[in-house]
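Read-outs: derived from the displayed coordinates by stated rules, not from any lab. Only a predicted model underlies this, so the values are computations on that prediction, with no experimental measurement involved. Ideal geometry is used to build each Cβ from the backbone, glycine not excepted, and the neighbour counts take in all protein chains shown.
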Amino acid sequence: MKTLILVRHGKSSWEHNVRDSERPLKKRAYKDAEKVINALREKYDEQPILWSSPAVRALESARIFQKDLGIPENDFFIKGELYTFDDRQLLRSIISCDDSVDHLMVFGHNPAITEVVNSLGNEVFYNVPTTGLAFIEFDSTSWKNLGKGKTLFHLFPKNL
């Protein structure tokens with residue numbers, strides 16, 4: 001059994017004249033993350049391996065979750081290929097996960113996050129919002145052979 005938690009980075013700021021990959025989070029992102037993390041704790045008590053895009057807004061979001069969920073540093077990985085907006089590239093990264101990992105949390109970007117959530121899960125969302133999370137479970141022992149999973153729940157800040 002494999003579980004995949006896909007998280008779109010928090011709301012980013014456009015105040016600064018920086019490259020896309022360097023945009024920081026807005027203050028709202030921290031409040032949204034707190035809501036989502038609290039709701040996640042009620043539904044899920046495993047320790048996932050955490051992967052993040054290196055983009056500042058994704059990395060800052062991932063670090064908030066890491067700290068609040070108590071995920072050790074040796075279970076936290078920054079993966080350059082996750083800085084993508086392409087669902088096929090995101091999916092290639094996910095299926096490359098080592099089969100010894102049963103619980104994977106991935107922080108990335110839209111539209112890739114929404115498209116992968118919709119293609120792997122059994123619920124369809126028009127848009128996974130910033131700091132939105134989808135939890136998908138697979139009846140598989142291998143990431144390479146995921147197939148269609150079951151979306152057990154989703155957590156979107158405006159609904160919490």
Conditions (1) out of contact with any Lys or Arg (no Cβ under 7 Å at 6 or more places or on another chain); (2) over 22 Å from LEU91 (Cβ atoms); number of the one not met by ARG23: (1)
Note on the range 1-44: residues surrounded by 15 or more Cβ atoms within 10 Å (Cβ to Cβ), within 27 Å of SER140 (Cα to Cα) and aliphatic (A, V, I, L, M) are LEU4, ILE5, LEU6, VAL7, VAL36, ILE37, ALA39, LEU40
Which of the residues spanning the range 129-158 are within 17 Å of MET105 (Cβ to Cβ), polar (S, T, N, Q) and touching an Asp or Glu at 6+ places or on another chain (Cβ under 6 Å)? THR131, THR151
State yes or no: is LEU82 in contact with a Gly (Cβ under 6 Å, 6 or more places away or on another chain) and under 21 Å from LYS2 (Cα atoms)? yes
Inspect all residues belonging to the range 74-95 and state whether any of them is surrounded by fewer than 18 Cβ atoms within 10 Å (Cβ to Cβ), in contact with a His (Cβ under 6 Å, 6 or more places away or on another chain) and not in a strand (DSSP E or B). yes
Within the range 111-128, can you find the residues that are surrounded by 18 or more Cβ atoms within 10 Å (Cβ to Cβ), assigned to a loop (DSSP other than H, G, I, E, B) and of a type outside the set (Gly, Ala, Ser)? VAL128
